[in-house]
Structures are given as structure tokens and as C-alpha cells.
Amino acid sequence: MTLLKDLFQKKTLGGICLVILIIFLLLAIFADVIVPTPMVDGSLSKSVKDSLIAPFTNWSHPLGTDRLGQDLLSYMIYGARTSVILCVCCTILSTIMQLVIGVLSAVFGGWFDLIVQRVVDAVGCIPMMLLLLLMMSMMGNGIPQLIIALAVPSGIAGSRMVRSAAISVKDSGYCNNSDLLGGTAIWKSVKHVVPNIMPLIIINAAGSLGSVVMMEASMNFLGYGVSAGTPSWGALITGQGREMLFKAPWLCIVPGLAITILTFSACMFGDAIRDLLDPRLKGGVGSYNTKKLDKILRKLDASSAKKNKPNAAA
């Protein structure tokens with residue numbers, strides 16, 4: 001509760017972005033209750049006579065319709081469910097992989113670190129899109145397959161950054177002194193390394209939310225995305241949105257705005273949490289407290305001036 005209070009009082013923009021993220025989450029959870037046009041037999045109702053209605057011209061369809069006559073507001077709400085599931089699951093799986101691979105590689109070092117980093121290098125040599133296509137062609141289309149295909153390469157590639165941060169923490173004085181207390185390398189990782197790199201992990205995870213949505217759109221464009229008929233913002237942009245860009249630009253603009261708002265909110269929320277959790281930024285242990293530093297420097301200058309007075313008199 002204290003963190004939430006500080007978030008809204010000290011980082012107002014971060015608090016607003018948290019509210020926006022919660023709204024997206026609620027839309028995803030309660031999509032069946034909220035939508036004006038519920039899905040029937042797994043698809044939205046279609047009406048050719050209502051096709052390509054522009055936004056705000058017919059209040060039965062506030063955001064307009066697509067070329068199949070599907071209500072765009074209903075499609076966007078159902079698409080939020082797909083996008084939120086993909087974003088959350090991919091981010092969680094990728095973050096766990098980054099932490100496990102990066103921290104263990106940094107803590108154990110030696111031959112274990114050497115082998116792991118060579119595997120990371122090998123995966124990094126393969127173009128991301130080619131790797132995604134290979135994985136999706138083997139697993140097939142669908143949300144679970146897309147989650148695995150997006151999260152695994154990202155988790156392996158991101159582990160290098162986590163490893164660098166973990167090494168800097170592991171080699172710090174207080175972490176080395178903790179060896180005197182005993183404990184295994186795993187205990188050391190959980191107790192000291194992971195908590196000190198969490199701000200970095202949070203920022204990286206929040207920033208990856210938007211890229212997950214964009215990669216999902218790219219995979220849909222290539223025919224390896226979500227299953228056919230599954231509402232998705234990315235599928236709408238690369239499908240009807242691309243084909244009807246000049247005739248019905250709202251098919252690109254509306255989902256594009258949704259992706260932009262989701263990405264911006266996630267990044268700003270991550271920045272706010274970083275500022276509140278990082279001890280160097282909130283004035284805790286190990287902080288760069290400029291007021292205390294200025295006070296110490298003034299005392300040093302005063303003592304130095306007193307010592308120099310006798311020499312000047314002589």
C-alpha cells in the first residue's frame with residue numbers, strides 16, 4: 001500500500017498509467033460482458049450492409065465497422081484480451097528466463113558461464129524473424145505457440161544484459177562480504193543479486209510489452225500469428241488495415257492508438273516503479289544523497305581552511 005501511495009503522490013504520471021493498464025486488463029477479463037456485440041460461435045456478427053462505417057457517424061457502431069460489417073469497438077475489446085494475454089504471458093516467461101539464465105551465469109561463472117554464453121551467442125547469430133518463423137512452422141499457429149516463440153528468443157537474448165548487471169552486483173563489496181555469513185550461491189543470488197537488479201528488470205519488462213504486440217502483428221502478416229478468426233489488434237492492422245489503408249484508415253488508426261497507449265503506459269509505469277524502488281534514486285542505503293554529500297564537502301573545506309591558516313600566518 002505504501003508503494004501505491006508513493007506512486008500516486010510522487011509519480012502522478014506513473015499512477016495514471018497504472019490506471020490505464022488496469023483498464024486494459026479489465027477489458028480483457030470482462031470482454032464478454034462489456035462488448036456491445038458479443039461473439040456468437042467464436043466470431044463477431046457480420047452485416048454486409050453495415051460494412052466500412054466511419055467512426056462517430058453511427059452510434060450503434062461508435063468506432064465504425066470493418067469491411068465485413070463487424071463492430072470495431074467489439075473487435076477492439078476482444079482484441080485487448082488477445083493482446084493482454086500475449087503481452088503478460090510473454091513478458092513473464094521472458095523475464096523468468098532472463099533472470100534464471102543471467103543470474104546463474106553471473107554467480108556460478110567458470111565453465112558454466114562459458115557454455116551458457118556460447119549458447120546465447122549462437123542464438124543471437126540467428127535473425128530474430130527467421131528464428132520465429134522456424135519455431136512457428138514447427139509448432140503451428142495459436143496463442144500458446146506464439147507465446148513460446150516470442151518469449152524464448154527474447155529471454156535468451158535479454159539474459160546477457162541481466163548477467164552484466166548481476167556481475168556488477170556480485171563483485172560489489174557488500175555482496176562479497178556476505179560470503180562470510182555462509183550460504184550457497186543460490187542463496188546469495190536470491191538474497192543480494194536479484195533484489196538489486198529488479199529495477200532494471202522492471203524497466204526492461206515494461207518496455208517489451210509494446211514490442212510483443214508489434215511482433216505479433218508481424219507474425220500475423222506472414223501468416224504465422226494467432227489462429228484465424230481470433231480478434232487481435234496486430235491482425236487487424238496487418239490484415240484489413242493494410243489492405244484498406246486509404247479507403248478506411250480507421251482500421252489502422254484505432255488499433256495503432258491502442259498499441260501506442262498500451263506501450264506508453266507500460267513504459268511510464270515501469271519508469272515510475274524504477275524511481276521508487278531503486279535505492280540510489282529514493283535516498284536509501286547506497287544512495288547518492290546530494291544534500292549529505294554537500295554537507296560533508298563543506299566540512300572538509302572548513303577543516304582544510306583551518307589547517308592552512310597557520311601556514312599562511314607563518
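Restricting attention to the stretch 211-244, the residues that are under 20 Å from the mean Cα position of the chain (by Cα) and either polar (S, T, N, Q) or surrounded by fewer than 19 Cβ atoms within 10 Å (Cβ to Cβ) (or both) add up to 4.
Residue-wise test of (1) surrounded by 17 or more Cβ atoms within 10 Å (Cβ to Cβ); (2) part of a helix (DSSP H, G or I).
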| residue | (1), (2) |
| --- | --- |
| K46 | no, no |
| K49 | no, yes |
| N58 | no, no |
| H61 | yes, no |
| S74 | yes, yes |
| C87 | yes, yes |
| C90 | yes, yes |
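Restricting A80, A54 to those that are under 30 Å from L251 (Cβ atoms) and either among the aromatic types (F, W, Y) or surrounded by fewer than 21 Cβ atoms within 10 Å (Cβ to Cβ) (or both) reduces the list to A54. Answer yes if at least one residue in the stretch 115-127 is in a helix (DSSP H, G or I), at pLDDT 90 or above, hydrophobic (A, V, I, L, M, F, W, C) and over 30 Å from M219 (Cα atoms), and no otherwise. So far as the stretch 115-127 goes, yes, one or more of its residues are in a helix (DSSP H, G or I), at pLDDT 90 or above, hydrophobic (A, V, I, L, M, F, W, C) and over 30 Å from M219 (Cα atoms). Pairs meeting the criteria (first residue in the stretch 30-53 and under 17 Å from T65 (Cα atoms) and at pLDDT 80 or above, second residue β-branched (V, I, T) and assigned to a helix (DSSP H, G or I), beta carbons under 8 Å, at least 6 apart or on different chains) are V35/I77.
Every test in (1) closer than 30 Å to H192 by Cβ; (2) more than 30 Å from the chain's Cα centre (by Cα); (3) in contact (Cβ under 8 Å) with a residue 40 or more places away in the chain is passed by G110 save one, and that test is (3).
The values are calculated or read from the model by the stated rules, or taken from the named source; none is laboratory data. Because the structure is a prediction, the values reported are computed rather than measured. Neighbour counts are summed over all protein chains in view; Cβ atoms, including those assigned to glycine, are modelled from backbone coordinates with ideal geometry.
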